[in-house]
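Below is one structure, written out as structure tokens, with a few remarks after it.
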Amino acid sequence: MYKDKHGEEIKAGMFLRYIDGSVELVYEGTTHDGKPSLGLSAGLAEIYPLHQFDLSEWEICDKE
């Protein structure tokens, strides 16, 4: 389970705001071994897994 900087659970379909003000949609995908995973768009139907990010710099927000 992933949590934002306020301790709120992050789920697919939510929007996250980075400390610089940019907003990203959270996608559901799978890991290389087929397990469910959450991430941010990397383009071309790929995602950057959330575990690669310092989530203390992100917060759940409304779409802007």
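The values are calculated or read from the model by the stated rules, or taken from the named source; none is laboratory data. Being a predicted model, the structure only gives us computed values, none of them experimental. Backbone-built Cβ (ideal geometry, glycine too); neighbour counts: all protein chains shown. Areas reflect the complete protein model, heavy atoms only, side chains present, ligands, DNA and RNA absent. Shrake-Rupley method; radii C 1.70, N 1.55, O 1.52, S 1.80 Å.
Could you please tell me which pairs satisfy a Cβ distance under 7 Å, a separation of 6+ or placement on different chains, a first residue in the range 32-44 that is more than 16 Å from Glu9 (Cα to Cα), and a second residue that is of a type in the set (A, V, I, L, M, F, W, C) and not in a loop (DSSP other than H, G, I, E, B)?
What qualifies is Ser41/Leu25; Ser41/Ile47.
From the residues in the range 5-31 that are over 9 Å from the mean Cα position of the chain (by Cα) and touching a residue at least 24 places away in the same chain (Cβ under 8 Å), which one is farthest from Ser56 (Cα to Cα)?
Taking the candidates together, the pick is Val23.
For the range 1-21, name all the residues that are more than 12 Å from Leu40 (Cα to Cα), in contact with a strand residue (DSSP E or B) (Cβ under 9 Å, 6 or more places away or on another chain) and not hydroxyl-bearing (Ser, Thr, Tyr).
Filtering the range 1-21 for residues more than 12 Å from Leu40 (Cα to Cα) gives 1-9, 19-21.
Next, from what is left, pick out any that are in contact with a strand residue (DSSP E or B) (Cβ under 9 Å, 6 or more places away or on another chain): 1-6, 8-9, 19.
Across the range 1-21, the qualifying residues are Met1, Lys3, Asp4, Lys5, His6, Glu8, Glu9, Ile19.
Quick check on the range 34-63: of everything there that is among the aromatic types (Phe, Trp, Tyr) and open to solvent by 40 Å² or more (accessible area, probe 1.4 Å), which residue is modelled with the lowest pLDDT?
Tyr48
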